[in-house]
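One structure is given below, encoded as structure tokens.
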Amino acid sequence: MRGDVHAQFAGVTRVYPGAGGHTPVHALGPIDVALHKGEFFAVVGPSGCGKSTFLEVLAGLQQPTAGTVTFEGHAVVGEVPDGVGVVFQEDASFPWLTVWDNVAFGLRRRGTAPSEVRRQVDDALAFMGLRNFAKAYPSQLSGGMRQRVCIARTLVLQPRLILLDEPFGALDAQTRLLMGDEVLRLWRTTGATVLLITHALDEAAMLADRVGAMSARPGRFIEIIETGWPRERDSTIVAEPTFGEITGRLWERLRGESLKALGHADLPPAALAAE
Amino acid sequence: MTRAGWIRLLVIVAMIGAVELACRLNFIDHRVLIPPSKMATALVAMLASGQLNDDIVRTLGVITIATTLSVVFGFALGLVIHALPRLRAALDPFFATYYAVPVFIFYPVMIAIFGLSLIPIVLMGVATAIVAMIIATLNGLDRIPRVLTKVARVHRMGRLATALQLQLPAAAPHLFTGVKLSVSYAFIAVIAAEFILAPAGLGRAIANAYADFDNRRMYALMLFVLVIATVVNAGLHALDLRWAKRRGTRPS
């Protein structure tokens, strides 16, 4: 059963103004969708369809051209709302700080008491399996572990809405599966609402309660699929027949859109089959 | 010390040994070059007598002032130029060719304006070093990952906090390269300027010894300058190496 509406898009569009005589780019929308409290919502779609724009508009990192975005009933305008944490695809760890100091960064900025910082950072490191690497620098860690540092840095601030912008995009397939388990554990433990942007259909199908399939640019939701997974789940569900059905259905909806994004929309079916 | 370090040391010792031998066996005329051991003995005697103290203080003081001015103003100018893309586009060709122009040709102008004082020497040092710092600052600012700006906004950081806590540390390796180059360029420019512009200082002392055919003194002073330059650069390189190791990058 779905909880209360936690974040909502109402008639949201995003158009990038044309610079230097170029025509404006209609990147997103109109989008009307609600994220419910405590749900795991994933967005998939072809490259350049506006998935990350969708996330950044919700995070307050970009302003919608039209429409409104609300988080916990308040309009998101121009700044990241309190209670929202974001993990980016790029490695956003601070190479000049140790893992411990990376995770403590936000708490220190908030002026949290040192004893409390110590307790919360130690807890977050333990949760993310980084306790033994507290004194290491990010350069001494693998890509997956650096991303865990970034997740821990977000987690420690106890966000109520966690936005993940292709956080596993740079990782290998096996590590991505394991990181997916970590994120599911995090989601269950914190009770936060999670929005995951990904290009990987299997990742979305495995992790999310609902998967929004986005069209080629301008990005709109062409279908929102309920996965029906129980809250207690992990990466072993990839072996279940339902998993294959969900990814198959997603691909069915997205294949044409992906071809459009590649500029193949006008080719006849026979030509497409030959490619 | 690493294996490469030992090899490096061995090469230097072998080269010094070869020069020593060549001088001692009169393959090289003593009026041209004296044995390194005699250079070292003469240097120790000069340092012990205190006769070099004023020159050392003066030269190292001028180098420090020139380096500090180059680093501070080079960094500030780099920030301004980075913030003004049109100005940068106009200045880029100038920066690209700056070190192809011998700024030393301006020394008569410096003397005409400031006389034989410390000012033209400091200015020569700054003129030679500052562009390296400007270029390093521009490189550093260009290479700050864009994601850090987003991280700053997620943490609701103001412009100053973003600059001090994220952008400056992110650009630090490039800025440190600028500092290293500024030290080296200021060193070279100040010693060279003292040859022709100064009434005192290590450069002047070397020029005087050369004019007096005092090889012992001249080579001892040259050895001193070499040792100081090597020690300063080795110290900066060691710092760079330590920071680069933490960041998982190569020293600049």
Item to check | Which listed residue is touching a helix residue (DSSP H, G or I) at 6+ places or on another chain (Cβ under 6 Å), outside the structural domain of A:Ala42 (by TED's automatic domain parsing) and of a type in the set (S, T, N, Q), from A:Ser235, A:Ser215, A:Ser139 | outcome: A:Ser139
Checklist entry - Restricting attention to the range B:103-115, does a residue exist that is surrounded by 12 or more Cβ atoms within 10 Å (Cβ to Cβ), at pLDDT below 95 and under 19 Å from the mean Cα position of the chain (by Cα)? => result yes
Next on the checklist: Just to check your reading of the model, which residue among A:Val5, A:Val44, A:Val33 is under 23 Å from A:Arg210 (Cα atoms) and free of Cβ contacts under 8 Å to residues at least 60 places away in the same chain?
Outcome noted: A:Val5
Item to check | Residues that are over 28 Å from A:Pro17 (Cα atoms) and within 10 Å of another protein chain (Cβ to nearest Cβ), drawn from the range A:51-99 | outcome: A:Asp82, A:Asp91, A:Ser93, A:Phe94, A:Pro95, A:Trp96, A:Leu97, A:Thr98
Checklist outcome for this item: Among A:Asp181, A:Asp209, the single one that is modelled with pLDDT under 90 and touching an Asp or Glu at 6+ places or on another chain (Cβ under 8 Å) is A:Asp181
Item to check | Candidate set: the range B:234-251, residues that are surrounded by fewer than 16 Cβ atoms within 10 Å (Cβ to Cβ) and not in a helix (DSSP H, G or I); chosen: the one nearest to the chain's Cα centre (by Cα) | outcome: B:Arg250
Checklist entry - Looking at (1) within 20 Å of A:Gly29 (Cβ to Cβ); (2) in a loop (DSSP other than H, G, I, E, B), can you tell me which one A:Glu223 breaks? => result (2)
Checklist entry - Taking the range B:15-31, which residues are over 15 Å from B:Arg217 (Cβ atoms) and in contact (Cβ under 8 Å) with a residue 12 or more places away in the chain? => result B:Ile16, B:Val19, B:Glu20, B:Cys23
Checklist entry - In the range A:61-76, which residues are in a loop (DSSP other than H, G, I, E, B) and out of contact with any strand residue (DSSP E or B) (no Cβ under 6 Å at 6 or more places or on another chain)? => result A:Leu61, A:Gln62, A:Gln63, A:Glu72, A:Gly73
Item to check | The lone exception for A:Gln120 - which of (1) within 14 Å of chain B (Cβ to nearest Cβ); (2) in a helix (DSSP H, G or I); (3) under 18 Å from B:His155 (Cα atoms) it fails | outcome: (1)
Checklist entry - Out of the range B:140-151, which residues are free of Cβ contacts under 8 Å to residues at least 24 places away in the same chain and within 9 Å of chain A (Cβ to nearest Cβ)? => result B:Arg146, B:Val147, B:Leu148, B:Lys150, B:Val151
Item to check | Pairs, first within 13 Å of B:Met133 (Cα to Cα) and touching a residue at least 40 places away in the same chain (Cβ under 8 Å) in the range B:167-190, second of a type in the set (Phe, Trp, Tyr) and not in a helix (DSSP H, G or I), C-beta under 8 Å, six or more apart | outcome: B:Ala172/A:Trp96
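This table checks each residue for (1) more than 14 Å from chain A (Cβ to nearest Cβ); (2) within 30 Å of A:Ser93 (Cα to Cα); (3) among the aromatic types (Phe, Trp, Tyr).
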{"site": "B:His82", "(1), (2), (3)": "yes, yes, no"}
{"site": "B:Leu116", "(1), (2), (3)": "yes, no, no"}
{"site": "B:Ile121", "(1), (2), (3)": "yes, no, no"}
{"site": "B:Ala132", "(1), (2), (3)": "yes, yes, no"}
{"site": "B:Ile135", "(1), (2), (3)": "yes, yes, no"}
{"site": "B:Leu138", "(1), (2), (3)": "yes, yes, no"}
{"site": "B:Arg153", "(1), (2), (3)": "no, yes, no"}
{"site": "B:His174", "(1), (2), (3)": "no, yes, no"}
Next on the checklist: What's the number of the only condition in (1) touching a residue at least 40 places away in the same chain (Cβ under 8 Å); (2) surrounded by fewer than 18 Cβ atoms within 10 Å (Cβ to Cβ); (3) within 24 Å of A:Leu155 (Cα to Cα) that A:Leu184 fails to meet?
Outcome noted: (2)
Item to check | Positions within the range A:126-155 being out of contact with any Pro (no Cβ under 7 Å at 6 or more places or on another chain), within 12 Å of chain B (Cβ to nearest Cβ) and either in a loop (DSSP other than H, G, I, E, B) or closer than 18 Å to A:Leu207 by Cβ (or both), in sequence order | outcome: A:Lys135, A:Ala136, A:Leu141, A:Ser142, A:Cys150, A:Thr154
Next on the checklist: Condition first: outside any loop (DSSP other than H, G, I, E, B) and surrounded by fewer than 23 Cβ atoms within 10 Å (Cβ to Cβ). Now tell me which residues in the range A:88-103 satisfy that.
Outcome noted: A:Trp100, A:Asp101
Checklist outcome for this item: Wholly inside the range B:141-233, helices (runs of 4 or more DSSP H) that include 2 or more residues that are within 30 Å of A:Leu55 (Cβ to Cβ) are B:147-154, B:159-162, B:168-197
Checklist entry - Taking the range A:1-33, which residues are in contact with a Lys or Arg (Cβ under 7 Å, 6 or more places away or on another chain) and on the phi > 0 side of the Ramachandran plot? => result A:Gly29
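The values are calculated or read from the model by the stated rules, or taken from the named source; none is laboratory data. Remember, it's a predicted structure, so these values are computed and weren't measured experimentally. Here Cβ is always computed from backbone atoms with ideal geometry, including for glycine, and neighbour counts include all displayed protein chains.
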